[in-house]
Amino acid sequence: MLIASGLLALAALIVFGAASATHGRARSQAQDAGMIKFEFESVSIKANQSGPALGTLSPVRTMMLNGGILATNVTLMDLIRAAYGIEVAPGVDDGRVVGAPSWATSEKYDVDAKIDRPVADALWKLKQEPRTLQSQQMLQALLAERFKLTVHRDSKELPVYVLSLAKNGPKLRAANPADTYKKGATLPTGMPSGPGTAGKEANGRLVFQGTAISELVALLPQLDRTIVDKTGLTGIYDFTFMPPPVQKQSQASADFNIGPLSEALQNQLGLKLEAMKSPLGIIVIDHVERPAGN
């Protein structure tokens, strides 16, 4: 049974440099959903002064499962990263969001944003990529309205981890587009998760059914750098991957030891992970304010 099937964490999916070419297609599909106005029906944002984090931001890809966003004790930076598809390991700043005031990473909020049934139904009629993009845009609009957030995009050379082919090539099985995966992974309901889904089993193994390599990038352990896909693999594949635990090299360092992860990728999938530098799209915060009331 998949813990998350086809409902990956939002941020890892979108790497601005790699994803920009597909955004136009996704946006046009989202606009074809009809005359539905994709927005939250109600939004409550309250300051949380309880101290240590009590929860995490609901991934935007799963937001429609609970009727919206239900986030406890999250920072504005958490929300911005979710809205613009940027996610990193806890306590790590990968440099892709700049210009934030100090309170954006220290002050905590409880967010309860609900959608009505027509919006939820229209979103689930979209394919995965345009649904994710539309959900991001809803959260971006929420931040613009309630936090007066304005941003612009830019580019900067940053440390990254590059995913590429290992010496002997990939160990991936090309997916059959007609496969319905009746005997494959299942949802928590027990129903087959079907093609185009990826998720984590209870034992930590990642399962991919008819998915692109971008889905692997999305589900790899959160590291201190962006993962850039340079495999050149453009098809859809069936495969599984058991990632090893990834730990920081020391308590005083934000750097991660990716050696075991890269070795596992080579042995299981014929891929490798290397530390490099590469130009990346970044989000520059031009203006933001604390939210006022509900």
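The values are calculated or read from the model by the stated rules, or taken from the named source; none is laboratory data. This is a predicted model, so every value here is computed, not measured. Methodologically, a virtual Cβ is constructed for each residue, glycine included, from the backbone with ideal geometry; neighbour enumeration extends over all protein chains shown.
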Residue match in the stretch 248-258 (condition: free of Cβ contacts under 8 Å to residues at least 60 places away in the same chain, within 26 Å of PRO177 (Cα to Cα), charged (D, E, K, R) and surrounded by fewer than 20 Cβ atoms within 10 Å (Cβ to Cβ)): no
Selection from the stretch 164-194 of residues that are assigned to a loop (DSSP other than H, G, I, E, B), under 26 Å from VAL228 (Cβ atoms) and either in contact with a strand residue (DSSP E or B) (Cβ under 6 Å, 6 or more places away or on another chain) or not basic (Lys, Arg) (or both): ALA166, ASN168, GLY169, PRO170, LEU172, ALA175
Residue list for the stretch 195-232, filter: within 13 Å of the chain's Cα centre (by Cα) and not hydrophobic (A, V, I, L, M, F, W, C): GLY199, SER214, GLU215, PRO221, GLN222, THR226
Among (1) within 30 Å of PHE239 (Cα to Cα); (2) touching a residue at least 60 places away in the same chain (Cβ under 8 Å) - the single one PRO118 does not satisfy: (1)
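Yes or no: SER135 modelled with pLDDT of 90 or more and in contact with a Leu (Cβ under 9 Å, 6 or more places away or on another chain)?
Numbers: modelled with pLDDT of 90 or more: no; in contact with a Leu (Cβ under 9 Å, 6 or more places away or on another chain): yes.
Criteria not met by SER135.
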Filter result for ILE69 (farther than 19 Å from GLU289 by Cα, out of contact with any Pro (no Cβ under 6 Å at 6 or more places or on another chain) and part of a strand (DSSP E or B)): yes
Odd one out for LEU220, checked against (1) among the aliphatic types (A, V, I, L, M); (2) without any contact (Cβ under 8 Å) to a residue 24 or more places away in the chain; (3) closer than 15 Å to LEU261 by Cβ: (2)
Matching residues, the stretch 93-141, being in a loop (DSSP other than H, G, I, E, B), of a type in the set (A, V, I, L, M) and surrounded by fewer than 15 Cβ atoms within 10 Å (Cβ to Cβ): none
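Residues are listed down the side, and each one gets a yes or a no for (1) among the aromatic types (Phe, Trp, Tyr); (2) modelled with pLDDT of 95 or more; (3) over 30 Å from ILE80 (Cα atoms):
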{"position": "THR231", "(1), (2), (3)": "no, yes, no"}
{"position": "THR240", "(1), (2), (3)": "no, yes, yes"}
{"position": "PRO244", "(1), (2), (3)": "no, no, no"}
{"position": "GLN251", "(1), (2), (3)": "no, no, no"}
{"position": "ALA254", "(1), (2), (3)": "no, no, no"}
{"position": "LEU265", "(1), (2), (3)": "no, yes, yes"}
{"position": "LEU271", "(1), (2), (3)": "no, yes, yes"}
{"position": "LEU280", "(1), (2), (3)": "no, no, no"}
{"position": "ASP286", "(1), (2), (3)": "no, yes, no"}
Single unsatisfied condition, GLY232 versus (1) surrounded by fewer than 16 Cβ atoms within 10 Å (Cβ to Cβ); (2) within 17 Å of ASP94 (Cα to Cα); (3) not acidic (Asp, Glu): (2)
Filter result for VAL88 (modelled with pLDDT of 75 or more and surrounded by 15 or more Cβ atoms within 10 Å (Cβ to Cβ)): yes
